[in-house]
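Just below is one structure, and these are the notes that go with it.
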């Protein structure tokens, strides 16, 4: 009898691993506390979100309710804008930014606190600003484009 119960539990555990969901609420909390310009403000907000169990509450609500709705209906009720660009970190101060819609690749270099250099695939430098998760780049002709990182 014990073997049957343990076998059923193991099968249930393996079957349940495919429906974990996208955890949009937890991602929204993470985006909120990392969207400040100052890294010290980010750190304080992160600690507050951990001490006051904001992450634990978001995870619990996501795991029990929102991800179950997403599994059965197909859409998560918490809709969070996905990124327009993917970032691949090369080293501590350099990252490759690939714009999803156009496929263009840029190299983003951090020179200091809130000071960045953006170069395109041909090596042309573009003016850019980074505010939270928004990257705004301006080409030589003055055309500005903003992507969500």
- Conditions (1) modelled with pLDDT of 80 or more; (2) on the phi < 0 side of the Ramachandran plot: number failed by residue 78: (1)
- Task: Would you tally the residues in the stretch 101-126 being without any contact (Cβ under 8 Å) to a residue 40 or more places away in the chain and under 25 Å from residue 42 (Cβ atoms)?
- Result: 12
- Query: Would you pick out the residues in the stretch 83-109 that are surrounded by 10 or more Cβ atoms within 10 Å (Cβ to Cβ) and either over 25 Å from residue 28 (Cα atoms) or touching a helix residue (DSSP H, G or I) at 6+ places or on another chain (Cβ under 7 Å) (or both)?
  - Reply: 90, 93, 94, 102, 104, 105, 106, 107, 109
- Qualifying positions in the stretch 1-45 - part of a helix (DSSP H, G or I), under 23 Å from residue 67 (Cβ atoms) and either in contact with a helix residue (DSSP H, G or I) (Cβ under 7 Å, 6 or more places away or on another chain) or modelled with pLDDT of 85 or more (or both): 24, 25, 26, 29, 33
- Return the residue satisfying two criteria in turn: it lies in the stretch 119-149 and is under 19 Å from residue 89 (Cβ atoms) and not in a loop (DSSP other than H, G, I, E, B), and of such residues it is nearest to the chain's Cα centre (by Cα). 148
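The values are calculated or read from the model by the stated rules, or taken from the named source; none is laboratory data. Here the structure is a predicted model, which means the values were calculated and not measured. Ideal geometry is used to build each Cβ from the backbone, glycine not excepted, and the neighbour counts take in all protein chains shown.
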